[in-house]
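The values are calculated or read from the model by the stated rules, or taken from the named source; none is laboratory data. These numbers were taken from a predicted model, which means no experiment stands behind them. We place every Cβ from the backbone using ideal geometry, glycine too, and count neighbours over all the protein chains shown. The area values use the complete protein model at the heavy-atom level, side chains included, leaving out ligands, DNA and RNA. Shrake-Rupley method; radii C 1.70, N 1.55, O 1.52, S 1.80 Å.
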Amino acid sequence: RHDPKQLLSMILADATRLVGTKHGFIYMLNKDREVFHRTHGLGLYEKDLGREIPATEGIVGLVRRTGQPASVNDYPAWKSNNPDSVQFEEIRAILQIPLKSESQVMGTIGLAYCESGKAFGVEEIATLRRFADLASIALDNATLLDSYSHEVTERREAEASVQAMIN
């Protein structure tokens, strides 16, 4: 059994291995604040944990609006048209795949290539989309189990407290 944070680390590591890159991240949606928060990172993104982006902006905003993967295979050209979205000069191509719960985007798996000439192809995106669908189910299950475990623990503590008061 994995807690959701451990599971996200595993999901990210597996996604980067699937496409052969060292660079990836997880954005999770904070619905209350309407921002995506970078919770996990590999490669370039290890030094950029905690980044927040409004839920309507950038590539992640597009993924949230459409519920579909979004890729930019010429990131230098894209960032010249989107100067507020610039992250790392090294990035050549980027892809974000939605993580969903009850058909709503709750986060994204982000992957990047820094090598010139590398791009995210149709087959690669389709494979990653299937992977993200399975990852979303696993994450939902881990979240439910984690919540249930906390609830059971709280109930047992409350029962023990009541029992102590009776005795």
By its C-alpha gyration tensor, with a ≥ b ≥ c as the square roots of the eigenvalues, how is segment 1-140 shaped: rounded for a/c under 1.5, else prolate for a/b larger than b/c, else oblate?
rounded
Heavy-atom SASA rank of 101, 116 (probe 1.4 Å, accessible area, largest first):
116, 101
Calculated FRET efficiency for the pair residue 153/residue 74, C-beta based, R₀ 45 Å, to 0.05
0.35
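Of the listed peptides 53-62, 90-99, 129-138, what is their order by residue-averaged count of other C-beta atoms within 10 Å, with the highest listed first?
Values: 53-62: 17.6, 90-99: 22.2, 129-138: 16.0.
Put in order of decreasing packing, that is 90-99, 53-62, 129-138.
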Check the chain and count each lysine pair with an alpha-carbon distance under 25 angstrom, considering only pairs eight or more places apart or from different chains.
13
How far apart, in nm, are the 7 Å Cα→Cβ label points at residue 65 and residue 34?
1.4 nm
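What net charge is computed for the residues neighbouring residue 134, neighbours being all others with C-beta under 14 Å from the C-beta of residue 134, Lys and Arg scored +1, Asp and Glu -1? If you can, show how the numbers build up before the last one.
On the way: positive: 100, 129, 130; negative: 14, 133, 140.
With Lys, Arg at +1 and Asp, Glu at -1, the net is 0.
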Relative to the longest principal Cα axis of the chain, at what angle does helix 4-19 sit, 0 to 90 degrees, rounded to 10?
20 degrees
Between segment 51-101 and segment 105-140, what's the alpha-carbon centroid distance in Å?
13 Å
Using the alpha-carbon atoms, what tilt in degrees (0 to 90, nearest 10) does helix 122-166 show relative to the longest principal axis of the chain?
20 degrees
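Given only helices, namely DSSP H runs of n ≥ 4 each adding -39500 (n - 2.57), what is the per-residue ellipticity at 222 nm of the chain, to the nearest 500 deg cm²/dmol? Walk me through the numbers on the way to the answer.
Values: 4 runs with 77 residues, N = 167.
That calculation yields -16000 deg cm²/dmol at 222 nm.
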